[in-house]
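A short write-up of the structure that comes next.
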Amino acid sequence: MFAQASSRIQARRDVTTKTRNMLSLFIALVFTLTIFPTKAHAQIIGDLEVTIPFQFHAGNAKLPPGKYIIHTLDNTDLKVMEISSEDGSTSALFDVGEAEANSRPAKSELIFNKYGDHYFLTKLFDEGNLSGSTVVESRYEKRVGQAAVEGQIHVPAHHKGQPGN
């Protein structure tokens, strides 16, 4: 009987010790996450307006020259953006990932890869933000890029409702 009581007390101590250890581990994890927050994916805040003077590709879509509005789609973990013509007649969705600028952009801009006379939207940066978005390269861009010399074109943009750059 004494042995049974002793083993019950020992079992309670083991459970209490395990509970304390788990609680300590949980508190340490919460503390670590608050000190070292995860890096947030940059996004374009609001609508970005841009006039693109040439025909171009955004993801798998081919778009004519003109005025466009670009924004990140909600509920996509900031991984999908939409570009649509100012009049709403043309639009396309394209996948994006994270990009880093070498220096803080003085103005919002879109960067295009140029292969011969083909232009491909490749990066987007918001004014003053080192983090931006890079457009996932389409199969067509990969194919064209293998056959041509690459260049880059920078096109200034501005937030909707603000004067152009």
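Within region 54-77, the set of residues being assigned to a loop (DSSP other than H, G, I, E, B) and free of Cβ contacts under 8 Å to residues at least 40 places away in the same chain comprises Pro64, Pro65, Leu73, Asp74, Asn75, Thr76, Asp77.
For first residues located in region 96-108 and under 20 Å from Gly46 (Cα atoms), partners that are among the polar types (S, T, N, Q) and assigned to a strand (DSSP E or B) and lie 6+ apart or on another chain with Cβ distances below 6 Å form the pairs Val96/Ser133; Gly97/Thr134; Ala99/Ser133; Ala99/Thr134.
Across region 105-150, what is the number of residues that are surrounded by 16 or more Cβ atoms within 10 Å (Cβ to Cβ) and among the polar types (S, T, N, Q)? Residues that pass the stated criteria total 6.
Throughout, read-outs are computed from the coordinates displayed, never taken from laboratory work. Since the structure is predicted, the reported quantities are computational estimates derived from the model, not experimental observations. Glycine gets a Cβ as well: all are built from the backbone with ideal geometry, and neighbour counts include every protein chain shown.
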